[in-house]
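Q: Got a structure for you, questions after.
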């Protein structure tokens, strides 16, 4: 796929992995719309990257509709959706609450599912399109304290596999990407980005993997890709 002049939504695109993906897509000549819940941060990043933005919580039906409509208006169409926005609690089994599951699944599963559905309707009609679901290596193996987060990413991984089966006849590619630990603001209560660590993954590595997969000729796609740090110990 030649990314030049293509159009993409990147959810959670104002920091971390999402920002790195948006930056790399723009660098390839694509037009990008980023979403988030902090309007000042979104505007600042959009100005920095030369992309569009919309203030939207994709964990709500209103946020999903707002995002799709903004993409069609501001970008003039849609060639790809990057489901990157994520939320997570790391609580052990005897500590988690109903609300922990509700808040996490609302973004990681429900929002991704409904935004994917909205994009798929466009892609099925135009007989082309790309969906990238960013799950986690926690979607391939559970861990102590990961009941809420890991199970939500297992669900997203399952959605990815179902969509692949349904959308291939329409020439729509669905990629599942599983990053290992990345030094972002994820799970930081103050939402401040963690400093880069020489032997840990950055958003740039995940963005590189995604853009490289998208650039494969449209006759092929990578169903699932996991990205690990070479030596994180």
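The values are calculated or read from the model by the stated rules, or taken from the named source; none is laboratory data. In this text the structure is predicted, and so the values were computed from the model without any measurement. Methodologically, a virtual Cβ is constructed for each residue, glycine included, from the backbone with ideal geometry; neighbour enumeration extends over all protein chains shown.
Q: Looking at (1) more than 22 Å from residue 23 (Cα to Cα); (2) under 15 Å from the mean Cα position of the chain (by Cα), which is the only condition residue 169 fails?
A: (2)
Q: To continue, here is another question. When you look at residue 89, is it without any contact (Cβ under 8 Å) to a residue 24 or more places away in the chain and out of contact with any strand residue (DSSP E or B) (no Cβ under 9 Å at 6 or more places or on another chain), yes or no?
A: Taking the combined requirement at face value, the residue does not satisfy it.
Q: Output yes when any residue across segment 203-215 is modelled with pLDDT of 95 or more and over 15 Å from the mean Cα position of the chain (by Cα), and no when none is.
A: yes
Q: Conditions: (1) free of Cβ contacts under 8 Å to residues at least 60 places away in the same chain; (2) under 30 Å from residue 142 (Cα atoms); (3) part of a loop (DSSP other than H, G, I, E, B). Residue 12 meets all but one. Number of the miss?
A: (1)
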